[in-house]
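One structure is given below, encoded as structure tokens.
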Amino acid sequence: MEKKDILIVDDMEINRAILSQIFADRNKTLEAENGLEAIQILERQRNNIAAVLLDIVMPVMDGFQVMEKMAEMGLMDKIPVFLITANTSEESMSRGYQLGAMDIIEKPIVPYFVRRRVESVMELFSARERLSHVVELQGQKLRRQEQEIANLNYSIIESLSTAIEFRSGESGEHVKRIRHLTELLLEELRKTGKEEYDFSDKEIQEISQASILHDVGKIAISDLILNKPGRLTSEEFETMKTHTIMGCQVLEQIPQHKNNRLYQYAYDICRHHHERWDGGGYPDGLKGSQITVWSQVVSVADVFDALTNKRVYKPAIPAAEALEMIFKGECGAFNPEVLDSLERVLNQQKV
Amino acid sequence: MRQRLMDAGINVDTGISRFMGNEGLFLKFLGKFLQDTNFAGLAEAVKKQDVEEAFRCAHTLKGVCGNLSMDELYKLVSVQTEFFREGNIQEGADMMEKVSAVYGRVKEAIEETLP
């Protein structure tokens, strides 16, 4: 609904009557005898008032005080204020403008001018309000579309990762479990309060989403090796190890996303999710904190999930037993803090 | 009637047009001007040498007689208001005689013309 009311504030009835008469045919006018009354009316009817015509010299609360109070109420940029005054000294005019008056109109009043000046500013304010409403709606629409695109992107990433899982005879649940466990581990690590684990919710989301791409390089590994039921020969194992670097090569095919955080996490995770805390991993033999926290976390999540689920070469192992094996160092070397958080996550039975 | 008011320095035409052509409203407020206490307040403040109160009354009176197109009175009171604004009670007070005379003429003219 468009605001139409005009609030007239003047201690003299005659001045109010003249101003009221000017707008009577198009607007509803409200009258206040002093600043305090004006503020009370504004408190009740701020949403209907399209302009305030304000005398300066008044008892109880003067026009300047009214503008200060309106500024406190956050109204000065919503409702245009016109000072109507017989006092056109430079000092009081500049004070009026400083406090945010849109215009200063001299007494004695010339009705035609007052009407033109007040109406054009009211029109300006209502146009601005309409526009900002339109901008707000468009902003909401853009945010919605942005979310849709992000969701679509994510679905594509998930489909790709799942397709690769299928090749290894997995159900596709592996990537979803890795994502979930990565998220839980990062949240648990954050609770330690340590600076290196101080991830925002958004970062945790991005890393968790990126985690599902960790094995994307397996697309380049032959079925014979990937699905071999028995132990790999050392030559086959060397080939298998290249899935880390191959993953990065796959991701490099999408260069326009290199500035994207999710892409950067995924790239790092692909390459380094088989590094070991003691430096004995591959492909780069990184050691300790040379390995990013996200790659450390995905590495633990991947091993734990591989242990607790059936693979072509092994049966599923119960969680408690898997945890024990990991802690004993039978499945690699990991950051003890990440292992502690795994234990805490398992104790909370979130997995 | 119009002439009587004009003779007292009241510009009836601009006054009526200020009330958007509503002659009745203009006359109503001319009548109310007689009850307005700002002139009396001004005279009292000048007598007491209270420059702040004199300014407040003169300023309000200026606004009202301006809006009622009492051109002669408006011009005088405008000058007087500026003296009081500067804190110059003496020069403001010196104008009181002239202001009173014009105020008296306006008052008489209104009393004679309005029922």
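Couple of notes before you dig in:
- Scope the range A:234-289; condition hydrophobic (A, V, I, L, M, F, W, C), open to solvent by 70 Å² or more (accessible area, probe 1.4 Å) and farther than 27 Å from residue A:205 by Cβ; matching residues: A:237
- For the range A:87-108, filtered to residues that are at pLDDT below 90 and in contact with a Leu (Cβ under 9 Å, 6 or more places away or on another chain), the residue that is nearest to residue A:20 (Cα to Cα) is A:108.
- Residue within the range A:92-99 that is of a type in the set (Gly, Ala, Ser), closer than 26 Å to residue B:69 by Cβ, open to solvent by less than 30 Å² (accessible area, probe 1.4 Å) and in contact with an Asp or Glu (Cβ under 7 Å, 6 or more places away or on another chain) present: no
- Filtered residue count, the range A:107-126, keeping only those that are part of a helix (DSSP H, G or I) and either over 30 Å from residue B:14 (Cβ atoms) or open to solvent by 50 Å² or more (accessible area, probe 1.4 Å) (or both): 9
- Test for residue A:215: is it among the acidic types (Asp, Glu), out of contact with any Ser or Thr (no Cβ under 7 Å at 6 or more places or on another chain) and closer than 21 Å to residue A:267 by Cβ: yes
- Residue list for the range B:32-72, restricted to those being in contact (Cβ under 8 Å) with a residue 40 or more places away in the chain, among the polar types (S, T, N, Q) and open to solvent by less than 30 Å² (accessible area, probe 1.4 Å): B:67, B:69
- Here residue A:88 meets the list (1) buried (at least 16 other Cβ atoms within 10 Å of the Cβ); (2) within 13 Å of chain B (Cβ to nearest Cβ); (3) in a loop (DSSP other than H, G, I, E, B); (4) out of contact with any Pro (no Cβ under 9 Å at 6 or more places or on another chain) almost entirely, failing just condition (1).
- Residue in the range A:21-41 that is open to solvent by less than 30 Å² (accessible area, probe 1.4 Å), without any contact (Cβ under 8 Å) to a residue 40 or more places away in the chain and aromatic (Phe, Trp, Tyr) present: no
- Residue within the range A:42-51 that is within 14 Å of another protein chain (Cβ to nearest Cβ) and part of a helix (DSSP H, G or I) present: no
- Looking at the range A:127-226, the helices (runs of 4 or more DSSP H) lying wholly inside it that each contain 3 or more residues that are within 18 Å of residue A:272 (Cβ to Cβ) and within 26 Å of the chain's Cα centre (by Cα) sit at A:173-190, A:201-211.
- Condition met for residue A:257 (modelled with pLDDT of 95 or more and either of a type outside the set (A, V, I, L, M) or within 22 Å of residue A:168 (Cβ to Cβ) (or both)): no
The values are calculated or read from the model by the stated rules, or taken from the named source; none is laboratory data. Keep in mind it's a predicted model, so treat the numbers as computed, not measured. Positions of Cβ are generated from backbone atoms using ideal geometry, with glycine treated the same way; all protein chains shown enter the neighbour counts. Side chains included, ligands, DNA and RNA excluded: accessible areas come from the protein's heavy atoms. Shrake-Rupley method; radii C 1.70, N 1.55, O 1.52, S 1.80 Å.
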